[in-house]
Amino acid sequence: LLAMHDGDMRRAQAAIETSLAIARNAGDLCQIALATDRLGELILRADHDIDRARALLDEARTIRERLGDTRNLPFAYMVLAEIERASGNLDLARSWLLAAQPHFQHTGLALGEADINRELARLSLLQGDPASALRGIQRSLTERLRFEDEAAAAEDMILLAELALATGAPCSGTRFLGAVEALSRHSPAVLGTPATGSVQSVTARVRAALDPETFEQHHAVGMAWSLEDAVTAALAFDPVLEPAAPRGTEERPHGLSPREIEVLRLMTDGLSNREIADTLFLSLRTVTSHVSAILGKLDLTSRTQAVAWAIRNDVA
C-alpha cells in the first residue's frame, strides 16, 4: 500500500506477489482473496493484462462467495466490471455492477454505492444514453458531498465534463474541468485515480470546441468552486438530451463500434497507440487491433486519413 501511495507500481506488485505466495502456502483463503483482488486490479491498470487480471479477480470472487464475505465481494465485482468494460463487453460489465449494488446497500457502504452509480453512468454514456448517465453521476455526487469525498467527486466531475461535451455543452464541460483541478489541489489523491488519465483527452476536446478566451473564462469559474459549489452545479446541469436510441438500433452508417469511435477520438487528439492504451486501460495489442479495424471499416490506409475523416464527419 505504501508503494502504491508513492506511485511505485513495480514495488507494489512485488510486495503483493510475495504476500500471495505466503497466503497460498498457509492456505489462508481470506488473505488469498485479498491478495488476488489487489494484484488483479494492479495488473489491469499498470500492465493492462486483461486476461491475467480477470483470472485473479475470478479467483478472489470465487473465494469470497464461498466464504460469504459480502462486505468485500462487491469490490471484486466492480473490478470485474472494469475488466469487461476495457474488453468492450459493456453488457457484461453492467451485470457485474448490478450484482455489486445490493451488497453495498445491505452493508451500508454508501460510497461504494456511489461508485456503482458512477460506473453505471460511464457505461450509459458509452452506450449512447446520456440522460441515464447524468442521473447516475448526480446520484454519485450527492453522496460525495455528504461524506466530503473530494477525490471521488473529482472522478465524477471528469465523467460529467465528458458528458457535457457529448451533449453539446462545452462551456459547462470546461467549468467541470476547472472544478476537477480545484478538487485536485485540495486532495492530492485525485492525481492517482484511474479517471485522471482521461482528463487530458477531455480537456483537449473541450479546448477544440471553444476559443481560448471562452475556455479560460469558464475554466476559472470552475476553479473557484468548492465541493458544494461543484455538486450544486452538477445537480443543476440540464443539457438538451436527445432520447437514447433503442438498444441494438443505433445508427452507425460508418460501422464503427462505440469503443472504436472512442479510440478514433483519442487518435484525433494526437495520442499514440500506447497513450490510448494507457488512457482506456487496454493492452497495446487491443488498441492496435481497434486502429486496424477502424482503417478497414473506413477503407483508409493511414492514421492521418482516419483523423481527417473524423474531423470531416464530426466524430471528433
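For the reader, a short list of remarks on this structure follows.
- Considered as a group, the residues in segment 36-54 that are farther than 16 Å from residue 15 by Cα and touching a Phe, Trp or Tyr at 6+ places or on another chain (Cβ under 9 Å) include one that is surrounded by the most Cβ atoms within 10 Å (Cβ to Cβ), and that residue is 44.
- Residues of segment 163-173 that turn out to be out of contact with any Gly (no Cβ under 7 Å at 6 or more places or on another chain) and crowded, with 23+ Cβ neighbours inside 10 Å, as a count: 3
A quick yes/no check of all residues on (1) at pLDDT below 95; (2) over 16 Å from the mean Cα position of the chain (by Cα):
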position: 1; (1), (2): yes, yes
position: 30; (1), (2): no, yes
position: 44; (1), (2): yes, no
position: 60; (1), (2): no, yes
position: 65; (1), (2): no, yes
position: 88; (1), (2): yes, no
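- The condition (being within 9 Å of residue 33 (Cβ to Cβ) and either surrounded by fewer than 22 Cβ atoms within 10 Å (Cβ to Cβ) or aliphatic (A, V, I, L, M) (or both)) is satisfied by just one residue among 72, 89: 72.
- Of all residues making up segment 92-115, the number that are under 17 Å from the mean Cα position of the chain (by Cα) and surrounded by fewer than 18 Cβ atoms within 10 Å (Cβ to Cβ): 4
- Elements of type helices (runs of 4 or more DSSP H) in segment 227-287, at least 2 residues being modelled with pLDDT under 85: 258-268, 273-280
- Total residues in segment 293-307, condition assigned to a helix (DSSP H, G or I) and either in contact with a Cys (Cβ under 9 Å, 6 or more places away or on another chain) or open to solvent by 70 Å² or more (accessible area, probe 1.4 Å) (or both): 4
- Selection from segment 55-69 of residues that are in contact (Cβ under 8 Å) with a residue 24 or more places away in the chain and either more than 16 Å from residue 96 (Cα to Cα) or open to solvent by 50 Å² or more (accessible area, probe 1.4 Å) (or both): 59, 63, 66, 67, 69
- Any hit, segment 200-220, residues being modelled with pLDDT of 80 or more, within 24 Å of residue 185 (Cα to Cα) and basic (Lys, Arg): yes
- Restricting segment 261-292 to residues that are basic (Lys, Arg) and within 23 Å of residue 42 (Cα to Cα), the residue that is least open to solvent (accessible area, probe 1.4 Å) is 274.
- Options 122, 118: the member that is within 15 Å of the chain's Cα centre (by Cα) and open to solvent by 20 Å² or more (accessible area, probe 1.4 Å): 122
The values are calculated or read from the model by the stated rules, or taken from the named source; none is laboratory data. None of the values given here were measured: they were computed from a predicted structure. Positions of Cβ are backbone-derived with ideal geometry, glycine not excepted, and every protein chain shown enters the neighbour counts. Keep in mind that these areas ignore ligands, DNA and RNA; they rest on the heavy atoms of the full protein, side chains included. Shrake-Rupley method; radii C 1.70, N 1.55, O 1.52, S 1.80 Å.
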